[in-house]
Each structure stands twice: as C-alpha cells, then as structure tokens.
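What follows is a set of notes on a single structure, which appears directly below.
The values are calculated or read from the model by the stated rules, or taken from the named source; none is laboratory data. Because the structure is a prediction, the values reported are computed rather than measured. With ideal geometry, Cβ positions are generated from the backbone for all residues, glycine too; neighbour counts draw on all protein chains shown. What goes into the accessible areas is simple: the full protein's heavy atoms, side chains included, and nothing from ligands, DNA or RNA. Shrake-Rupley method; radii C 1.70, N 1.55, O 1.52, S 1.80 Å.
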Amino acid sequence: MRIPQLRMEATFAKLSISTEPAQLEITQPPAEMTIEQPKPELEINVIRPRLTIDQSQAWAEMNLKHVFRLIEDAAKDGYETWLSYVAIVSAQGDELMKIENGGDVIAEQAQANSEGPPLEFNIGFVPSPFSVKIDYEPGKLIMDWKIHKPLIDVKPHQPIIHYKQGAVHIDLAQRNSLRIDIVT
C-alpha cells in the first residue's frame with residue numbers, strides 16, 4: 001500500500017535593494033581682495049655741525065688788532081697812565097709841601113723822574129698757548145618716518161553647495177510561494 005505523500009516546495013521572498021548615492025558638490029568662489037600699501041613718508045632734517053675758531057686774542061697778543069680795538073686800548077692805556085701820573089704828581093706835591101721836615105726831597109724826585117722803571121725780561125710766547133679758542137657743535141640728523149598701515153579690503157563669497165539627496169529603492173524581486181503536491 002502506498003501512502004500518499006505531500007510534497008511541499010516553498011520559495012522565499014527576495015528583496016532587491018538598489019541605492020542611489022547622495023551627491024554633494026561644493027564650490028568655493030575665491031574671495032575678492034584688494035591690498036593697497038601707501039608709501040611711507042620720510043622727513044629728514046639736518047642740523048649742520050658748527051666749528052667756531054676765535055683767534056682775536058692771538059691777533060691781539062701779536063699786536064695785529066682791529067683799528068677800533070687799537071683805539072680802545074690806546075684810550076684805556078692813556079687813561080691809566082694819566083691816573084698813575086696824577087697819583088705820582090700828587091704824592092710828590094705832598095712831599096714838597098713837607099720839605100721843612102728835612103731830607104733831600106728835590107734830589108730824590110729828580111732822580112725818580114729821570115730814571116724809567118726797571119726793565120723786566122722773561123721768556124714769552126707770542127701768541128700765548130691756548131689763545132685760539134676752538135668750539136665745535138656736532139651736527140644732528142633727524143629722520144621722521146610716517147608709516148601707513150596697508151589698506152586691505154576683503155569681500156568673501158559664500159560657498160555654492162549643490163546637494164542631491166540619495167535614495168534607497170526596495171522592491172520585491174521574487175514573491176514567496178508555497179506549492180503543495182500530493183504524490184501517490
């Protein structure tokens with residue numbers, strides 16, 4: 001005896017998955033930039049050096065004076081000579097007033113008036129050392145820089161973004177089925 005059999009054949013469902021990848025495109029336009037550098041300004045001031053040489057004392061010691069100074073010195077010497085002469089004459093007059101006190105006043109005065117003052121001799125340098133005066137003022141160089149900052153102008157641009165969204169497609173590639181057969 002044969003027993004009937006059931007034969008079952010099943011197929012499973014199959015899914016198909018397909019994807020479209022997302023696309024992202026970014027472009028960055030370059031920024032617009034302008035840079036301007038103003039030129040620096042330089043101002044230079046010079047104070048010139050100064051050399052002063054005064055040799056008037058040396059010329060005076062060599063008796064090579066200016067005419068106005070010669071006149072001034074002669075007037076000064078004449079006045080001093082006159083003052084000393086007045087003092088001597090006044091003193092001699094006082095001595096003569098007191099002649100009765102004794103002594104040989106007239107002979108002494110005659111001898112003093114006939115002789116000049118004793119001459120002095122010494123070593124001398126004409127002109128004397130350091131009679132030429134030298135003065136020096138150093139010069140100066142003053143530099144004034146005026147530096148200007150650069151003028152920078154930047155105009156940035158926003159990035160351009162293109163985005164295409166991706167997708168996932170799910171389909172039924174094969175349906176499930178169950179087939180049952182009776183085999184005798």
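A few remarks follow.
- Note on region 48-116: enclosed helices (runs of 4 or more DSSP H) holding 3 or more residues that are modelled with pLDDT of 95 or more are 67-97.
- Complete set of residues in region 44-86 that are small (Gly, Ala, Ser), under 30 Å from ILE134 (Cβ atoms) and either without any contact (Cβ under 8 Å) to a residue 40 or more places away in the chain or open to solvent by 70 Å² or more (accessible area, probe 1.4 Å) (or both): SER56, ALA60, ALA74
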